[in-house]
Amino acid sequence: THADLRSSATVLIAKERAQQLFEMVADYPESLPALCELRDLSNPALLGFGGRELRAAVSRRLLHLGASTSQILDFYVSLLKALRLLDSSDGLLHYVAQPLRQYLRCARTDTVLIMKFHYYAHFRVSLRLAVCAFRRCGVC
């Protein structure tokens, strides 16, 4: 019937999107429309499929010495934002991020140093922008 055909097509589209989750997370926030589409098309079984695909892709494509700690941390931040959009319970996030967290904790000795550097660099840029804004508006 028409409803069965539509349902099958929806499942196929959602599965295809779920297989592209790594790229969607890496491209976040530009991939926001695709993530919203996946969220709207998905059910718990499809999100589970996407989570398994993403966890395998993260292990295969990111958790090795060829990826810098900075790249891994940037991906992790995007992962937090993207998966919270897909699953507000954070169950999917905990499942996918567990090997990433363990890898950062155990295999990368520079994780805390890189996090501090990113924080301070962001803080300095924010401070500089605030000072420029004050000067432009004539407060100082």
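The values are calculated or read from the model by the stated rules, or taken from the named source; none is laboratory data. Small disclaimer: the values here were computed from a predicted structure and weren't measured. Reconstructed Cβ throughout: ideal geometry from the backbone, glycine too, with neighbour counts over all protein chains shown. Surface areas here come from the heavy atoms of the whole protein model, side chains and all, with no ligands, DNA or RNA. Shrake-Rupley method; radii C 1.70, N 1.55, O 1.52, S 1.80 Å.
The table below gives the values:
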{"read-out": "Neighbours by Cβ (under 8 Å, 6+ apart or cross-chain): first from segment 86-104, in contact (Cβ under 8 Å) with a residue 12 or more places away in the chain; second surrounded by fewer than 15 Cβ atoms within 10 Å (Cβ to Cβ) and of a type outside the set (A, V, I, L, M, F, W, C)", "value": "93/84; 99/59"}
{"read-out": "Those helices (runs of 4 or more DSSP H) lying entirely in segment 1-52 with at least 2 residues more than 18 Å from the chain's Cα centre (by Cα)", "value": "2-19"}
{"read-out": "Flag if residue 76 is at pLDDT 95 or above, in contact with a helix residue (DSSP H, G or I) (Cβ under 9 Å, 6 or more places away or on another chain), under 26 Å from residue 35 (Cβ atoms) and among the hydroxyl-bearing types (Ser, Thr, Tyr)", "value": "no"}
{"read-out": "In segment 80-91, residue farthest from residue 107 (Cα to Cα) [restricted to those that are part of a loop (DSSP other than H, G, I, E, B) and open to solvent by less than 70 Å² (accessible area, probe 1.4 Å)]", "value": "87"}
{"read-out": "Enumeration of residues in segment 50-72 that are touching a Ser or Thr at 6+ places or on another chain (Cβ under 9 Å) and either among the aliphatic types (A, V, I, L, M) or open to solvent by 10 Å² or more (accessible area, probe 1.4 Å) (or both)", "value": "72"}
{"read-out": "Those residues of segment 38-49 which are surrounded by 15 or more Cβ atoms within 10 Å (Cβ to Cβ) and either of a type in the set (Ser, Thr, Tyr) or closer than 13 Å to residue 85 by Cβ (or both), in sequence order", "value": "38, 39, 42, 47"}
{"read-out": "Only one of 77, 112 that is open to solvent by 30 Å² or more (accessible area, probe 1.4 Å) and within 12 Å of the chain's Cα centre (by Cα)", "value": "77"}
